[in-house]
Each structure stands twice: as C-alpha cells, then as structure tokens.
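Visitor: Got a structure for you, written out below as structure tokens; questions coming shortly.
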Amino acid sequence: MSEKEQIIRKSGILEFFPVSENLMDVGGMDYLKRWLQKRGHAFPEKARVFGTFLTWQQEKSVPVFTIVTCNSVENLPSELLRKERFDEIFFVDLPSDAERREIFSIHIKKRNRDTDTFDLDTLSKVSSGFSGAEIEQAVISGMFDVLTLLYTKLI
C-alpha cells in the first residue's frame with residue numbers, strides 16, 4: 001500500500017471495500033461536499049488530504065473502482081471534474097409523483113399495513129422534493145405518532 005493510500009485510508013475521506021484478491025478494490029466516498037465545505041484555512045489538514053486523494057487518483061497502480069456521492073456537482077472544484085478523474089458522472093433525480101407513491105406503498109407494506117387505508121396520491125403530492133430515504137422516515141415517524149396518540153388516549 002502506497003503512502004498516499006495510507007493517508008487516504010487513515011483520513012476516512014475514502015472507505016475501501018476489498019472485493020477479492022483477483023478483482024479490483026471498491027472505494028466509496030459518501031457525500032463529497034461535506035469534505036469540500038471544510039477545505040481551507042479552518043481545516044488545512046483536510047485540504048492536504050483532499051490534495052493527496054486527487055494525486056492518488058491519478059497515480060494509483062492498482063485498479064480501484066471509486067464511487068463518490070454528492071448532491072451539488074455544479075459546486076465541485078474544477079480540478080475534481082477534469083477528464084480522467086472519474087469515468088462517468090451519473091445524475092439521479094428525486095423520485096417523481098408516481099415513484100413517491102410506490103415508495104410509500106413499499107414502506108407501508110414493509111410494516112405490515114394495508115395500503116388501501118392510506119391516501120397514497122395525497123402522500124405523494126405533499127412529499128414533493130423528498131428522497132426515498134426521507135419518505136421511509138416519514139412512514140416510520142407517522143407510525144410512531146399514531147402509536148403515541150393511541151397510547152395517550154388509553155391512559
């Protein structure tokens with residue numbers, strides 16, 4: 001393992017997931033913007049680690065499939081977006097009305113509830129701008145709210 005890779009692994013900027021000895025490793029960085037917001041004078045060590053990451057990305061001798069997530073690609077620095085840094089950049093949008101309706105249905109059924117007792121169309125409309133994870137948490141939170149309400153009526 002190179003010195004640069006050791007620095008990257010210790011920093012936590014990129015988490016490595018070795019697949020097998022015969023296949024390339026997978027590296028994952030969740031929410032890149034968190035690292036970029038902390039670059040600069042207040043966090044000079046993170047700026048150095050990020051620079052090390054960019055250098056490692058260019059010079060690595062072992063193939064590593066690197067996956068990075070970020071909500072605002074347009075705010076990333078140009079040195080990260082230059083050719084050969086990443087093979088592809090994919091955009092995954094928030095779910096549409098129909099997709100949100102299906103996500104609600106999935107999470108309601110997952111909790112052994114009858115979806116016919118829910119107005120999925122209204123839930124889908126009022127959750128515009130929600131991610132799938134936020135919809136799941138809304139279902140969970142709603143179930144706790146109902147249980148709390150039922151419990152307080154019993155006391």
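Visitor: Scanning the range 79-121 for residues that are surrounded by 11 or more Cβ atoms within 10 Å (Cβ to Cβ) and among the polar types (S, T, N, Q), which turns out farthest from residue 135 (Cα to Cα)?
Guide: Restricting to residues being surrounded by 11 or more Cβ atoms within 10 Å (Cβ to Cβ) and among the polar types (S, T, N, Q), the top hit is 115.
Visitor: Could you count how many residues in the range 99-155 are charged (D, E, K, R), part of a helix (DSSP H, G or I) and under 28 Å from the mean Cα position of the chain (by Cα)?
Guide: Number satisfying all stated conditions: 11.
Visitor: Something else: Based on this model, can you work out whether residue 76 counts as touching a Leu at 6+ places or on another chain (Cβ under 8 Å), at pLDDT below 75 and surrounded by 14 or more Cβ atoms within 10 Å (Cβ to Cβ)?
Guide: Taking the combined requirement at face value, the residue satisfies it.
Visitor: Let me ask something else about it. If you check every pair at least six apart or on different chains, which have Cβ atoms under 6 Å apart with a residue in the range 96-110 that is assigned by TED's automatic domain parsing to the domain that holds residue 139 first and a residue that is charged (D, E, K, R) second?
Guide: Sorted first by the residue in the range 96-110, then by its partner, the pairs are 107/136.
Visitor: If I ask for residues that are more than 23 Å from residue 71 (Cα to Cα), in contact with a helix residue (DSSP H, G or I) (Cβ under 7 Å, 6 or more places away or on another chain) and of a type in the set (Phe, Trp, Tyr), which ones from the range 105-152 would you list? If you could, list the steps in order and put the result at the bottom.
Guide: Looking only at the range 105-152, we keep the residues that are more than 23 Å from residue 71 (Cα to Cα), and these are 105-123, 139-152.
Filter again for in contact with a helix residue (DSSP H, G or I) (Cβ under 7 Å, 6 or more places away or on another chain), leaving 105, 107-109, 111, 115, 118, 120-121, 123, 139.
Within the range 105-152, 118 is the sole residue that qualifies.
The values are calculated or read from the model by the stated rules, or taken from the named source; none is laboratory data. Because the structure is predicted, anything quoted here is derived from the model rather than measured. Note that each Cβ is placed from the backbone with ideal geometry, even for glycine, and that neighbours are counted across all protein chains shown.
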